[in-house]
Amino acid sequence: MKIVKKIAIALLVIFVCMQFIRPAKNQAEGNYVAAFESETQPSTEVKTILKSACYDCHSANTIYPWYNNIAPVSYWLADHVEEGKEHLNFSDWENYTVKKKDHKLEELVEEVEEGKMPLKEYTWTHHAARLDESQKTALMDWAKAARTSYESALQQE
């Protein structure tokens, strides 16, 4: 019984210490997706969808829920955002090549079509990110249309 008590105390100490050591937050000033939106021209409806379902994990600015202030959740969320930005970062759009932009929009269509994005874990607490079929269609149609300019540029190379 003594060993269980010592383990419980050690875990409690670790948990308390974790509350003081936090991962860096993903927060930017200004219009962090301006270049992306200017170049791809999403409609107002699509901008709303991107803001509610995509930008938190795929841009330089995350709007954090209250429970992000509790470790280990803060570490888990930081990892999700970091991984999301590795796959697609709308804030870094202007640094992507034409080929990469085309590919990222192609992947966006595939992920939404297959129901992989937005992540189920994200939609549990972000109800606005639960996309209905018309929202998915609008998002995919916009991405496909935006790809045409990149495909044209690739053919001219």
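Each reported figure results from applying straightforward, stated rules to the coordinates on display, with no laboratory input. Computed from a prediction, not measured in an experiment: that's the story for all the values here. We place every Cβ from the backbone using ideal geometry, glycine too, and count neighbours over all the protein chains shown.
Listed values, structure above:
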read-out: Full-extension gain in nm, Ala35 to Thr48, via 0.36 nm per residue minus C-alpha separation; value: 3.0 nm
read-out: Cα shape, the range 69-157, gyration tensor, a/c 1.5 rule; value: oblate
read-out: Placed amide H near Met117: partners under 5 Å, 5+ positions off or other chain; value: Val112
read-out: Within the range 12-53, backbone nitrogen closer than 15 Å to the virtual label 7 Å beyond the Cα of Glu82 toward Cβ; value: 21-27
read-out: Separation in nanometres of the label points that stand 7 Å from Cα toward Cβ, at Val98 and Glu133; value: 3.7
read-out: Least to most buried among Ser43, Ser134, Ser59, Ser149 (fewest other Cβ within 10 Å first); value: Ser134, Ser43, Ser149, Ser59
read-out: Rounded if a/c under 1.5, otherwise prolate or oblate - the chain, Cα gyration tensor axes; value: prolate
read-out: Additional length obtainable on full extension of the chain from Thr123 to Ser149, 0.36 nm per residue less Cα span; value: 6.2 nm
read-out: Protection proxy ranking, peptides 26-34, 44-52, 4-12, 100-108, average beta carbon neighbours within 10 Å, highest first; value: 100-108, 44-52, 26-34, 4-12
